Amino acid sequence: MGILSKFGSALDSMIAVVSPSWALKRLQSRNAFKALNEYYRGASRDRLRSDWITQRTDPDAPKWEHNLLIDRFRDLERNDPIASGLVDTMGVNVVGKGLKPKPRIRAEVLGISKEEADFYADMAINAFEKFVPYADACERVDFDYLQFLALCQIIRDGECITLPVWANEAYRPYSRCLQLLESEYLGEYASGIDERARGVILGDRGQPISYLIKENLKYGAKVKEIPAKDSAGRPKVIHAFMAKRPGQTRGIPLFAPVLDLFKDFADYREAELIKARISACLAVFFTKADPMAAVQLARETGTQLTDRSEPLTELSPGMIHYADYGDDIKVVDPNRGGDVFGQFTENVIRLIGASIGLPFELVMKDFSKTNYSSARAALLEGRRVFQNWRSWFSKSWCQPIYELVLEEAYYRGYFDVPNFEQYKKEYCRAEWLGNGWGWVDPVKEITASKLAIDYGLSTHEKECASQGNDAYEILDEEATYANYKAEVMPQEVLNEGENNG
């Protein structure tokens, strides 16, 4: 093939000398034939794509690269206002004040009445509420704030390790509690066996069998192996991360694709701030227009020239410097290419927001350049992202904990239901409700909700859930208020109010 290729090149060269038009037609035909044999332009290997060199990659990044990504984003979160704000934005909108379980016990599955199912649901809520204040093994925060910490840890490091541990204090209603660990607690044995190098030991189907957890982060700390589940299938390690590829065993920071943009933009922003400070200080250079004449004049007048051996290293607003004989003033102009900082900033932030699916308005909390339609479109797009994260987080992190707590509640007598072992999954079936996101225009959106209910396109329960409320709790509160109102207000006043209405 190499000989034919060389012969073809030599032939083309000779034809080009004799007949350039014929050589051009041969080249066009060759390029057309080559294009016909390429299925995708993205796989083209022509001169425009010759520098696009790739290789096959594993689902998990190399250990050194994974650790560097985490360290770099933690540095950004500490020092970069946009990175820090985005982590809080995700936490506040996905978890907020905490996701609450709404039991969905099906009476027909358990063979009980609807009233009994509702009674058991209320019992489950009350049993879980006893756990909420005592959820943290460190006894610093409650379960609601643990959710916020766990989600922010997943955004920051790409994963969160939670150990359901036991506490023996007599004042606790439950012995079960939660210990949150950062990703660096996943360790490996000193032997460095390949399948243990990531801290997760996998089975033959790729399922996690056990985890290698460091006792502390000191050098040479002991590593203990904790089974992923016990003999009954209960989780002993809750390793939550949003996988991007099948076979992935460790999480990657959410902002890994745009870490370089964060850093470059931070450096550019600092340079622009320095430029603004220099402009505010009216910095100037003093030069000698005619050095020899200045020296001669100083001798004649008996003036001591200033020592210029020490450079000027500090600038401050309103700074005054007195010139010597023969000094010429050169004003420093730090402006470079006009004011493009604002437009460049907006473009970079749009790219950062696009990496996680959030529009510019939600990233910067800036709706000053939007109207009602564009603001609502931005909020709806953001809600889809937050709802997706909320659904995943509630199933991956909240639900396993809920099942562990209700099981202990059953054995302690807080959740006294028949055949719990047989129907455990059904008794623990729940939907997790979070904070609502409010309305852009309450009148329009409430009217739309009412019309959707009237035309059978939605229900009271769904509309209340979209605002983080429980429709049945609202009905109960209305009934309670109506009864109270009837007791404290005279009947004639109530009748008069109804007639006026």
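Quick note: the coordinates plus some simple rules give every number you see, no bench work behind them. Treat the numbers as computed from the prediction; the structure is a model and nothing was measured. For neighbour counting, all protein chains shown are included, and Cβ atoms are generated from backbone atoms with ideal geometry for every residue, glycine included.
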key: Near-label residues of the stretch 363-393 by backbone N, under 20 Å of a point 7 Å along Cα→Cβ of Leu351   = 363-365
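Length gain on complete extension for the stretch Ser21 to Glu65, per 0.36 nm per residue less the alpha carbon to alpha carbon distance? Walk me through the intermediate numbers first.
Working: separation 44, 0.36 × 44 = 15.84 nm, distance 5.35 nm.
So the chain would gain 10.5 nm between Ser21 and Glu65.
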message = Residue by residue through the stretch 347-360, what is 3J(HN,Hα) from phi via Karplus (6.51 cos²θ - 1.76 cosθ + 1.60, θ = phi - 60°)? Round to whole Hz and write x for glycine and proline.
response = 5, 5, 5, 4, 5, 5, x, 4, 5, 10, x, 9, x, 4
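If each residue's Cβ is checked for other Cβ atoms within 10 Å, how do Lys229, Lys244 rank with the fewest at the top?
Exposure proxy ranking, most exposed first: Lys244, Lys229.
Once you have a ≥ b ≥ c as the square roots of the Cα gyration tensor eigenvalues for the stretch 344-457, tell me rounded if a/c is under 1.5, and otherwise prolate or oblate according to whether a/b is larger than b/c. Let's see the in-between values first.
Values: a/c = 3.95, a/b = 1.88, b/c = 2.10.
Oblate, since a/c reaches 1.5 and b/c is not below a/b.
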Sites Glu431 and Asp230 - FRET efficiency at Förster radius 25 Å, r taken between beta-carbons, to 0.05 = 0.40
remark   = Note to self: C-alpha centroids of the stretch 379-412 and the stretch 78-109 sit apart, in Å, by 9 Å
ask   = Tell me, in nm to one decimal, what length is gained between Lys369 and Ser84 on full extension, where the rule is 0.36 nm per residue of separation less the Cα-Cα distance?
value = 100.3 nm
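Of the listed pairs Lys102/Lys229; Lys222/Lys425; Lys130/Lys224, which have alpha-carbon separations greater than 29 Å here? It would help to have the intermediate numbers written out before the result.
On the way: Lys102/Lys229 26 Å; Lys222/Lys425 37 Å; Lys130/Lys224 31 Å.
Violating the 29 Å Cα-Cα cut-off are Lys222/Lys425; Lys130/Lys224.
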Eligible lysines near Lys275 by straight Cα distance, threshold 25 Å, same-chain separation 8 or greater = Lys263, Lys330
key: Label point distance in nm, Glu381-Val165, each placed 7 Å from Cα along Cα→Cβ   = 4.4 nm
query = Using a cut-off of 20 Å between alpha-carbon atoms, which lysines can reach Lys218, once sequence neighbours fewer than 8 places away in the same chain are excluded?
reply = Lys63
